[in-house]
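Quick one: structure below, then a few questions.
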Amino acid sequence: MNILLHRYDITQEDDFHALPDFNRKATLQHVDKVYKAEITNIIRLTEMEKLFHFRILDPKERDTFSFLPGQFVMLEVPGYGEVPISISGSPTNKGYVELCIRKAGVVTSMLHRAGRGARVGIRGPFGTHFPMGKMKGSDILLIAGGLGLAPLRAPIFHVTENRSDYRNVHIMYGTKDPSQLLFDYQYKQWERIDGVNLSVIVERADDTWKGPVGLITKLMDGMKIVGDETYAIVCGPPVMFKFVCNQLGKMGVPMHRMFVSLERRMHCGMGKCCRCNIGSTYTCVDGPVFDYWSVMNLKEAI
Amino acid sequence: MSAKTLTQADLASLVGDLVAAGTRVVAPSRTGVGPLQHLDYREIKKADEMTLDAGLPKRSIKELFFPPTEVLFRWKQKKNDFELQEVETKFQKTVVIGARPCDAAAPEIVDRLMNWDYKDELWNGRREATTIVALACDGQDKSCFCTAVGLGPDSTKGADVLLVPVKGGYHAEILTAKGEALVKDFGKRFGEAKSADEAGKFRETARAKVEGNLKVDPKPIRTWLDGHFEDKYWGEIALRCHGCGACASVCPTCHCFDIVDEPEGIYEGARRRNWDTCQTGKFTLHGSGHNPRGTQNMRFRQRVTHKFAIYPRKFEEILCTGCGRCARACPGGMDLLEILSDIGQMAGGAA
């Protein structure tokens, strides 16, 4: 009977016996170097968010700048300050950085007033990334809530550009209401890719909305997945992690196959200023990407 | 390690020699007038500005290595473009005379953080240019607890030379290469060591005086902190705390900072690194309005846990030298000694 009822045994996983490693280090490259960049394009996504395309000015520097999905940069607007922003663009788009930015504070409000051609500084990339290599050959769940689609867009690009490396891909996205949907012009493009399922849900529908209404976990109801052959990436507001990851757990996905990107206030990006501390973990160096098992072991993480 | 004797007169001449050689000399000195008068570390030009027998200065020597505000670079805006200007930082050769052992130990503890991943050039540059001549303490007051964190009023940690007061002068222990260099450069000021016994007695008396203030063992405290993050003790700990951050600004080991662009006029300014503290609400506030450390209790728990559990786990050092300044400076009466003693009791250690 035991053989017939395939029961997933977490202890058989290779990395089960390894202790959670809170001191993994990101591969930092030239973190104190400022790349001068120019705004080449601005795309209005919603009332609060804009997508900025930046091009690094120096062609030589353009070649040296590369990043992995999930990493972030420090964006500096001279005279206003520096903010950590997840990269939303494709890693293959060399020398160009796409950042989706919500108007939230001094720096970002200033940036929303800037036009094409304005120059800024970019430092980085910083932090850990989603382990896209490890995920090869598995089903992928990409789940985002609200502004979480901004960091998730980089792995979406990676998965769609390396389509043959992955099995089924489910992209799930939810927001409060239809006016807050980001990148709505790209849904069709993603949806039409072979083996990619896209579902979008809103909490409050308006007259034009024809899709499903409810919380993001509703999209996962009745979904059939094989836990040990699936990886999940979850990006969104802190309150979302708990619900989505619990649901994923019920569906059989082990905690160390769920990856989340934590948000923290950051200032130096070099593991010094203590602002992003979660216990002895410096989010800017050891994060922002953690597996959910590690997050559960970090106090005050969410 | 070797020992020498330094008389009062020779110490005064040493200050003169150092100043004449173009070295910056920093020592405890009375400053301010009337009710504002207090003892502080500051640059002195003459030996008589130095006050070595009046106890612990108000602030620590942290700011010699990590100034409260410092310019990282300057920027100029031009229409759509900007220009960055490097700021040249000179690391002036400095000798600190009369640093209390709790202050001398602090930079060595913070060295670990400043060098663990990215190496902080500004910190290291100043550290290398500075020689610390520490002065054994006779125990300041009831807020001292250096012996409870593994140091002591005669601790040599972080010091290049330790002076122990004896009759007519000081018994000097030369501890590091930097200390040796100082003795070599100004050899005529140092005499043969002859009062090791008297110095030993001074040290014992001072130790006994401070040990009476707080008797706890940091090891069980660390274990307790690791396992009691959600303890109800944290629920009421910070009722008296105003969240002003005075404790962090007088702390010799607190090292949190903020990086801000400060305008100087309309089109130019500087990016500065300023001291900051985890005790303010905005310290961890997210752009979305969510705050992972939303209450003052959580923020104070962070302060205690960071010093006695998190930092030791990562860097094998307690992020506290027991100077007691936080307890003296607090306007609300938060007392780290009381907290450590409470935790020590809960942890089952001696209290």
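Look through the range A:258-282, keep the residues that are over 13 Å from B:Pro292 (Cα atoms) and free of Cβ contacts under 8 Å to residues at least 40 places away in the same chain, and return whichever of them is farthest from the other protein chains (Cβ to nearest Cβ).
The residue in question is A:Met258.
Another question, if that's okay. Please state which one of A:Arg119, A:Arg102 is among the basic types (Lys, Arg), under 23 Å from A:Pro238 (Cβ atoms) and crowded, with 17+ Cβ neighbours inside 10 Å.
A:Arg102
OK, next. Exactly one condition in (1) at pLDDT 90 or above; (2) within 16 Å of the chain's Cα centre (by Cα); (3) polar (S, T, N, Q) is false for B:Gln140; which is it?
Just one mismatch for B:Gln140, condition (1).
Related question: Is it the case that A:Gly121 is of a type outside the set (A, V, I, L, M), touching a residue at least 12 places away in the same chain (Cβ under 8 Å) and within 12 Å of chain B (Cβ to nearest Cβ)?
Spelling it out, A:Gly121 is indeed of a type outside the set (A, V, I, L, M), touching a residue at least 12 places away in the same chain (Cβ under 8 Å) and within 12 Å of chain B (Cβ to nearest Cβ).
Determine which member of the set A:Leu149, A:Leu182 is surrounded by 15 or more Cβ atoms within 10 Å (Cβ to Cβ), modelled with pLDDT of 90 or more and either in a loop (DSSP other than H, G, I, E, B) or not assigned by TED's automatic domain parsing to the domain that holds A:Leu248 (or both).
None of the others qualify; the one that does is A:Leu182.
Going residue by residue through the range B:263-283, is there one that turns out to be surrounded by 15 or more Cβ atoms within 10 Å (Cβ to Cβ), free of Cβ contacts under 8 Å to residues at least 12 places away in the same chain and in a loop (DSSP other than H, G, I, E, B)?
The answer is no, given that none of the residues of the range B:263-283 is surrounded by 15 or more Cβ atoms within 10 Å (Cβ to Cβ), free of Cβ contacts under 8 Å to residues at least 12 places away in the same chain and in a loop (DSSP other than H, G, I, E, B).
Got a number for residues in the range B:284-321 being assigned to a helix (DSSP H, G or I) and touching a Pro at 6+ places or on another chain (Cβ under 7 Å)?
2
Would you check if A:Leu298 is within 14 Å of chain B (Cβ to nearest Cβ), touching a residue at least 24 places away in the same chain (Cβ under 8 Å) and not in a helix (DSSP H, G or I)?
yes
Here's something else I'd like to know. Go through the range B:1-47 and count every residue that is outside any helix (DSSP H, G or I), within 24 Å of the chain's Cα centre (by Cα) and free of Cβ contacts under 8 Å to residues at least 24 places away in the same chain.
9
Do we have any residue at all in the range A:199-206 that's crowded, with 23+ Cβ neighbours inside 10 Å and in the same structural domain as A:Pro151 (by TED's automatic domain parsing)?
Scanning the range A:199-206, I find no residue that is crowded, with 23+ Cβ neighbours inside 10 Å and in the same structural domain as A:Pro151 (by TED's automatic domain parsing), so the answer is no.
Restrict the check to the range A:215-238 and report whether at least one residue is within 14 Å of another protein chain (Cβ to nearest Cβ), surrounded by 21 or more Cβ atoms within 10 Å (Cβ to Cβ) and not aliphatic (A, V, I, L, M).
Among the residues of the range A:215-238, at least one is within 14 Å of another protein chain (Cβ to nearest Cβ), surrounded by 21 or more Cβ atoms within 10 Å (Cβ to Cβ) and not aliphatic (A, V, I, L, M), which makes the answer yes.
Of the numbered conditions (1) at pLDDT 90 or above; (2) within 8 Å of chain A (Cβ to nearest Cβ), B:His290 satisfies every one except a single condition; which is it?
B:His290 satisfies every listed condition except (1).
For the range B:270-287, enumerate the residues that are more than 9 Å from chain A (Cβ to nearest Cβ), small (Gly, Ala, Ser) and touching a helix residue (DSSP H, G or I) at 6+ places or on another chain (Cβ under 9 Å).
B:Gly281
The values are calculated or read from the model by the stated rules, or taken from the named source; none is laboratory data. Computed from a predicted model, the values in this text were never measured in an experiment. Backbone-built Cβ (ideal geometry, glycine too); neighbour counts: all protein chains shown.
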